[in-house]
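Below is one structure, written out as structure tokens; comments come after it.
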Amino acid sequence: MRLNGICNRGRHVARLATTALALLAVVAVPKYGFGDDVPATSLEASVAKSTRQYNDEVQPLLAKHCFGCHGADLQEADVRLDSLDPNMVAGHDAERWHAALDMINQGYMPPDYEEQPSDEERRLMVEWMTESLDLARKAKSNKPQPRVRRLTREQYTNSLAELLHLPLNFGKNLPAEAKSKMGFTNSGNALLTSGLHVEYYQAIARADLQKAIVAKTPPETFRYRVTVGKGVGAGRHAAVIGGFQSAPIARQNVLVEILDQHGQPRQPTSPDEQKQLRGIESNIGVGMRGSSGDRYQVLDEGLLLYSALPHREQAPKSWQGPSPNMKMLLRRCFPSEGPFVLRVVASLAEGDDDLQREGLIELRSSQPVVGLKADSDELASIENTIVLTATECTKQDQLVARGDYLVPQDVTKPSSAEFDFEVPETGYYHIDFLHPPASADAMPSVSLTIDKSAQHLRVEPTAGDGEQVSITPLSHAYLTAGTHHLTLGGKFFVGFREVAISPLPSDHPASAAIEQERATAREQTLSQSAALRAFVGNRTDDGMEYAELGAPQVVANASDQPATFEFHGYLEDLPTPILDLSEKTSLSNIMIVGVWNDHLAKNPSDRGVPVVVKSIEFAGPYYPEWPPKSHTEIFFDSPLRDSNPEAYTREVLERFMTRAFRREVSDAEIERYVEFWQATRGDFDRYEDGVREVLVAVLCSPHFLYLEMPARQESGEAALAERLAYFLWNSPPDEQLAKLAQAGDLRKQVAEQVERMIADERINHFIDAFTDEWLRLDRHAAMSVNIGAYPDYTRFVKRDMALETSHFVRHVLQNNMSLMTFVESDFAMLNQNLAEFYGIQGVEGNHFRPVSVTPDMHRGGLLSQGAFLTGHSDGTQAHPIKRAVWVKAKILGSPPPPPPPNVPELDPETPGFQNLTLKEQLELHRSKPSCKDCHSKFDPFGVVFENYDAVGRFQTMAKGRPVDARTELPDGETIDGVDQLKTYLLGKRGADVTRSVVSHLYAYATGRDVTFADQPQIDSITSQVIEDDYRIQTAVLGVIRSPAFWQESLTGDLAQLSEAVPSPKEKR
Amino acid sequence: MSGRSQNSRSLKLSRRTWLRGAGVACALPYLEAMGAALPAAKSAPKRLCYVYFPNGASLPPESNPAHSEWSWFPMGEGTDYQFTKVLQPLEGLRSNLSVLGGLSHPNSRQLLGHLAGDTWLTAGDLRGSAYNNQISADQVAARHLGRGTRYPSLVLSTDGGIGYKSRVATLSFGDGGRPIPAENRQREIFERYFSGGAGATTNERRQSLARKKKIVDLVMEDTASLQRQLGQHDRSRMDEYLTSLSSVEEQIQRNEQWLDVPLPEVDSGKIDFDCNPAVDPTAYLRTMFDLMVIAIQTDMTRVLTYMMAREDGMGFGENFPKLALNIKKGHHAISHDQADGHWSEWGSYDRWLAEQFAYFLTRLESLSDDHGSLLDNTLVLYGSACSTTHNAVNYPLVLAGGSAMGVRHGRYIKQHEETPMANLLVSMLNTVGVPTEQFGDSTGPFTTPGEPLFTVPG
């Protein structure tokens, strides 16, 4: 089935120079010569000769040296040679012969502990394989390759989006695509079509044409604005939505307005309308759930938001958004689909010493101040600590006494205990509370309010049987001298025995932290900018389900110059609630639209660059023009429109079909659809609906759903336009490409067009699809990282790691850099969030940009990027085998064979196995002779990554010992760590790396995996790229000009082909 | 079909809130149906169901102290066997199931275990480069059992689609071993099979079917006319599209025939259709089993396959141990692990899987139709295509249900390691009334010393 994967074979020409010099001459001057250009009539004769030679000379040698391990009895590495058909032209085994040749040429086979063939024997085997393969290649190049293939899910989505002028995720419900061996979903052989596809194609077309083609009058728009500020809502109506861990903004501080189409507050004209508007106002509010009370504040002029502190990725629950996040909550009064706009009025904040404002301060250190007496579970008394005892509270609700504790009667209901207490001196305090042990199932929580400042915390569940009282620090606080009011409780309240309020000791870690923060905040100037990130979601019992809405927007305007920031989206592609009006509870049917300050902070002491949000407005469905473009591009203005519906329909169909089929359509084709329209139009009341039904049929036609259809082939250039567009844009050709193709000028201008296409925004579709599949970024997306070990690996770090790699590849491509940049670069593509995660300072803001890196940062090239390193770990520690296989398959282009069946167990119980480093564990693995053969060939490529932990951060210690990243490569070279691997790859393997990139581009561009027959083309492109300083665009153009891409559409022009691509023989 | 189409909203299903009595929702679209209620079938329906888990099972060697505690296979043999902690969740169903040891597909024994997953229900031969997989047993059954139901089969997996050759994401394969994409979006599944055209009248639904059919006809004509212009290779790709079109056409015809027959009203309890397998796998798996139960209850189909996770650490399943049990490693990593206590980790995860399966069986057992408990007329096979990782022999298998079809449960039956698993597949097909003597490389029906497992019901 495979020796070694199938890409990048045929390196033998280059390889021979380094491994078997003596053979070079032999191959260059073939003894037998049946691989020479031969007329077709003598092909049979050549095959016969080759077969004879196999039987007489080669087969006995293979039997002597190979069949022992790769024969009837044993199939090491899943390879069996004795049953291969020696006729490579008629048989189906050329690919496997090719892999075998590769192993012999690379010196891997026979293994060095086996008897080696003599030079003459080796020459006979190699020569026979090489020449038979040449023969097969020639025979194959005369055979047409299958070309027709259907659109992938992404291509389908992009094609519909362009065609209908609707940027929706059309394909999301189609079945996931299969992958080819090289990993590509656009490979014709991997793309399967089923009844399920057909059903979905029709359903999607119907549903989405219904969106594109609109009614006469626009739908009613839901348009609301919430304004936040001290007292702005006095005397008005607004929803205060509570529930588990909720933190609503008080009614008097929120002004809810229902707006008309001009953006003016609606004025009721009747008592009924007034009642109706009041009903809506009472279902709109602002919530701060998930936000720490000291990271936001209601000011006169708006809501102050510190830079958001990402939420801990605590699986499986507790998704509350970063802290703080501001949510406009719409209960029952929202549209379920369509475009919408979010307008946020905001500015930077004025400088302020927030840490000397009265109220709670989130914990800077979770070290308690009080403790228990050594001999009992009584509280050890500390001087000046104010102790509030549960049983002595002034007021309580829903609590019952259990021993010394007060605990809730029903944890699902809110409960509370209240106290008044006297603070003798203004200053910083620390608050601990003593509570009964709690299990995780009870979702133990506590809400603390002092005066008007509140915090909601999860209490860490007690491990084990835990009978003893627990002390949990609650908060710090800045309190002025005088009487204060404290409330403890909430939903899922854990209960308590005492609350201890102690002056924050000067030697407590929080003291220093707060002082430091105040100093930093004072220094922070307003020259910095923040950013707003919008999100949309729905409320869940334990948090929210949400998605980010586009890119964040930079906020740089001063506090006296509030500006409006607009965010757009489509509700159907976002996780909004499905409206269920039969559900009456006050916490259901809540849609969330909100923002946070996206200048992400790394710890609670970092206030970042605060912003003030004055108001948020939501409007949807939102159509700046009516009817929208999606409609008018189908039903365009024409003199025939009213005068002659028949002729107009013909026009409409011609235009739509030309775009859908990506070529000119014939009158006969149009006529079929016109007939269909005539036969079905009677079923529909409205003209547009009747035409829509025809368009549904157009979108189910194979001419739309399949690439490389014969009608496009006939018009030659249309096929080239399509091929270029789906290669570089993963989308249909745009107008310019279509026009050039129509005029027959595209071939002449291909270089200019490729340059334009690479600079175009749509190149991102290529970057996303190609990078994801070539580099297996899906593994990073699917990785569940152990958050206990890596608490700062947040969803934002994860997102930015994926972006780092795609930005990097795009940067290399758009700047036509050397392919060797993939191995090592003096820059990294970073934004602030990721740079800080990697420990690189001085990168400010959200946007990705090339950042100069020095070698001590260990961040150059693809090999040091988080997406690869994390995706190829096990979530807790580095995984050398995964990383090694990736380097071999993706960077060097020679994937190792799959693990054999029936892997013998390691010694079933190796004592202390888990205390060994992975490198040592691997050595144990390799000490088994049956594993060693293969593993010694690729393990070293993973061991060198030991310096990178499971989330791609550089480490010098692992498991309490210094990291050992030294290894011996299969060719005997000893290297230490990734830096030396990079040097080795650049120095000795540059051609292999180039060939790997070229092969992957080639497979992606042609929609089929590379086979041995493609090797001459791959070799030729590789040489061109190397000669041109490894430039990546030369590789892209080389692939485009290769016969497989270029010629297959423009049959019969073989003269140009041989000019463009010198045969490998000439090159030798 | 958008997840948020008009239909879905009129069903009033809310995200994150329990759907109370999906039975009511099921019945909704058919309230106006004019036809007489479906007469009770004369003979009991016979059903077949397959449920798969990847990466083999925890099998500590006998010398290891963990053996008696964490071995997937029970201790002892015959009727006198004891479950270890792993399959202990199935204890209450003992009289309704048999544990089968020793079986495997001969063609796959020398393959990497992960690859054998492609052949679990096909017994295909993947040793060559041509990837000669073949039709799966469930699809053979679907041809017979599907004649009297709305859909021939329901093909499900947690990951959806087909995965790729050697690491599939579906258990079902059609003619020539062509994989059938599995469905995995639960709300979509519900809408597609149980609430299509919710709120519409019979006449409206008839019209909508007619429209679908017209379009399929037009596209078929178009596609067929193309064939002449295509080379041989390309023709096969268009053939695939044509085949897909005609399968849809068949299904539309079938739907037309069933149009006047109301979907039986069933009480399916509470179902949450918005479970995310990347967040809460237990909830996701249970919803999938709930959907399968509704499909059986409503006799929507009699053949079901469900691949709970993919082999080799692909897809959602890899993270299930982390999410469900707070184990630090993924499933595939656990299956390779050698650290202290690894057998208990693997065993606990296998136990968790068994708990989910037990949930399914218990639901089937507790519900009945005119012919008794649903489980008694449903033959369910649960298992994997390797024993310990990479060893495609001695598949861990549990056969459950089907007592009314003559299956005699209650034993742990160990087979000789030469016995092809296809023999079991043949006997299962025979049990549900598919008259075949041969499937894949079977050498005959499944036999066992002593009392037979499969008997002709008397």
Inset, instruction - Return yes when A:Ala63 is modelled with pLDDT under 75, surrounded by fewer than 17 Cβ atoms within 10 Å (Cβ to Cβ), more than 17 Å from A:Leu133 (Cβ to Cβ) and not assigned by TED's automatic domain parsing to the domain that holds A:Thr1006 and no when it is not. - result: no
Legend entry - Residue in the range A:773-786 that is crowded, with 20+ Cβ neighbours inside 10 Å and over 21 Å from the mean Cα position of the chain (by Cα) present: no
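Among the residues in the range A:847-855, are any basic (Lys, Arg) and in contact with an Asp or Glu (Cβ under 7 Å, 6 or more places away or on another chain)?
No, the range A:847-855 contains no residue that is basic (Lys, Arg) and in contact with an Asp or Glu (Cβ under 7 Å, 6 or more places away or on another chain).
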Inset, instruction - Could you tell me which numbered condition A:Ile578 fails, if it satisfies all but one of (1) over 27 Å from the mean Cα position of the chain (by Cα); (2) farther than 18 Å from A:Lys327 by Cβ; (3) surrounded by 15 or more Cβ atoms within 10 Å (Cβ to Cβ)? - result: (1)
Inset, instruction - Examine the range B:57-68 for a residue that is among the charged types (D, E, K, R) and modelled with pLDDT of 95 or more, and state whether such a residue exists. - result: no
Inset, instruction - May I ask you to verify whether A:Arg712 is within 14 Å of chain B (Cβ to nearest Cβ), outside any helix (DSSP H, G or I) and either under 15 Å from A:Ser159 (Cβ atoms) or in contact with a strand residue (DSSP E or B) (Cβ under 8 Å, 6 or more places away or on another chain) (or both)? - result: no
Inset, instruction - Return the residue satisfying two criteria in turn: it lies in the range A:913-948 and is in a loop (DSSP other than H, G, I, E, B) and not polar (S, T, N, Q), and of such residues it is modelled with the highest pLDDT. - result: A:Leu916
Legend entry - Selection from the range A:714-756 of residues that are of a type in the set (D, E, K, R) and either under 33 Å from the mean Cα position of the chain (by Cα) or under 16 Å from A:Val1039 (Cα atoms) (or both): A:Glu722, A:Arg723, A:Asp734, A:Glu735, A:Arg747, A:Glu752, A:Glu755, A:Arg756
Inset, instruction - Examine the range A:631-640 for a residue that is part of a helix (DSSP H, G or I) and either closer than 30 Å to B:Asp274 by Cβ or not hydrophobic (A, V, I, L, M, F, W, C) (or both), and state whether such a residue exists. - result: yes
Inset, instruction - For the range A:663-683, state whether one or more residues are more than 12 Å from chain B (Cβ to nearest Cβ) and closer than 14 Å to A:Leu163 by Cα. - result: yes
Legend entry - Residues within the range B:424-444 that are farther than 12 Å from B:Gly406 by Cα and either out of contact with any Phe, Trp or Tyr (no Cβ under 7 Å at 6 or more places or on another chain) or modelled with pLDDT under 95 (or both), tallied: 11
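Quick grid of which residues meet (1) more than 10 Å from chain A (Cβ to nearest Cβ); (2) modelled with pLDDT under 90:
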position	(1), (2)
B:Thr119	yes, no
B:Ala123	yes, no
B:Gly128	no, yes
B:Tyr131	no, yes
B:Arg143	yes, no
B:Thr149	yes, no
B:Leu171	yes, no
B:Gly174	no, no
B:Ala210	no, no
Legend entry - Condition check for A:Thr449: more than 21 Å from A:Thr394 (Cβ to Cβ), surrounded by fewer than 21 Cβ atoms within 10 Å (Cβ to Cβ), under 44 Å from the mean Cα position of the chain (by Cα) and not assigned by TED's automatic domain parsing to the domain that holds A:Met288: no
Inset, instruction - Being at the interface with another protein chain (Cβ under 7 Å from one of its Cβ atoms) and among the hydroxyl-bearing types (Ser, Thr, Tyr) is the filter here, so list the residues in the range A:194-217 that pass it. - result: A:Ser194, A:Tyr200
Inset, instruction - Check A:Ala828 against each of (1) free of Cβ contacts under 8 Å to residues at least 40 places away in the same chain; (2) under 25 Å from B:Gly315 (Cα atoms); (3) among the hydrophobic types (A, V, I, L, M, F, W, C) and name the one condition it does not meet. - result: (2)
Legend entry - Pair list, Cβ < 7 Å and 6+ apart or interchain, from the range B:140-151 residues that are more than 15 Å from B:Val261 (Cα to Cα) to residues that are among the small types (Gly, Ala, Ser): B:Ala142/B:Ser153; B:His144/B:Gly433; B:Gly146/B:Ser153
Inset, instruction - Could you identify the single residue in A:Gly972, A:Gly977, A:Gly1038, A:Gly1007 that is at pLDDT 90 or above, assigned by TED's automatic domain parsing to the domain that holds A:Leu819 and small (Gly, Ala, Ser)? - result: A:Gly977
Inset, instruction - For the range A:949-1037, please list each of the helices (runs of 4 or more DSSP H) lying entirely inside it that holds at least 3 residues being of a type in the set (D, E, K, R). - result: A:977-988
Inset, instruction - Kindly indicate whether any position in the range A:541-551 is modelled with pLDDT of 85 or more and more than 25 Å from A:Tyr306 (Cβ to Cβ). - result: no
Inset, instruction - Working only within the range B:421-450, note down all residues that are in contact with a His (Cβ under 8 Å, 6 or more places away or on another chain) and over 21 Å from B:Cys49 (Cβ atoms). - result: B:Asp441
Inset, instruction - Scan the range A:244-251 and give yes if some residue there is in the same structural domain as A:Val298 (by TED's automatic domain parsing), closer than 29 Å to A:Ser630 by Cβ and modelled with pLDDT under 90, otherwise no. - result: no
Inset, instruction - Mind listing whichever residues of the range A:378-418 are surrounded by 18 or more Cβ atoms within 10 Å (Cβ to Cβ), in a loop (DSSP other than H, G, I, E, B) and aliphatic (A, V, I, L, M)? - result: A:Val411
Legend entry - Among (1) over 28 Å from the mean Cα position of the chain (by Cα); (2) crowded, with 21+ Cβ neighbours inside 10 Å; (3) away from chain B (no Cβ under 14 Å) - the single one A:Ala619 does not satisfy: (2)
Inset, instruction - Go through the range A:824-848 residue by residue and tally those that are part of a loop (DSSP other than H, G, I, E, B), among the polar types (S, T, N, Q) and either surrounded by fewer than 22 Cβ atoms within 10 Å (Cβ to Cβ) or under 19 Å from the mean Cα position of the chain (by Cα) (or both). - result: 3
Inset, instruction - Give me a count of the residues in the range B:427-458 that are touching a Lys or Arg at 6+ places or on another chain (Cβ under 9 Å), part of a loop (DSSP other than H, G, I, E, B), within 16 Å of B:Val140 (Cα to Cα) and of a type in the set (Val, Ile, Thr). - result: 2
Inset, instruction - Report whether or not A:Glu583 is within 11 Å of chain B (Cβ to nearest Cβ), assigned to a loop (DSSP other than H, G, I, E, B) and among the charged types (D, E, K, R). - result: yes
Inset, instruction - Tell me which of these B:Val99 doesn't satisfy, since it passes every other one: (1) part of a loop (DSSP other than H, G, I, E, B); (2) in contact (Cβ under 8 Å) with a residue 40 or more places away in the chain; (3) farther than 30 Å from B:Glu188 by Cβ. - result: (1)
Inset, instruction - Report the residue count in the range B:212-233 for those that are at the interface with chain A (Cβ under 9 Å from one of its Cβ atoms) and either within 18 Å of B:Glu249 (Cα to Cα) or at pLDDT 90 or above (or both). - result: 9
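The values are calculated or read from the model by the stated rules, or taken from the named source; none is laboratory data. In this text, all values refer to a predicted model and were calculated from it rather than measured experimentally. No Cβ is skipped: glycine too gets one built from the backbone with ideal geometry, and neighbour counts run over all protein chains shown.
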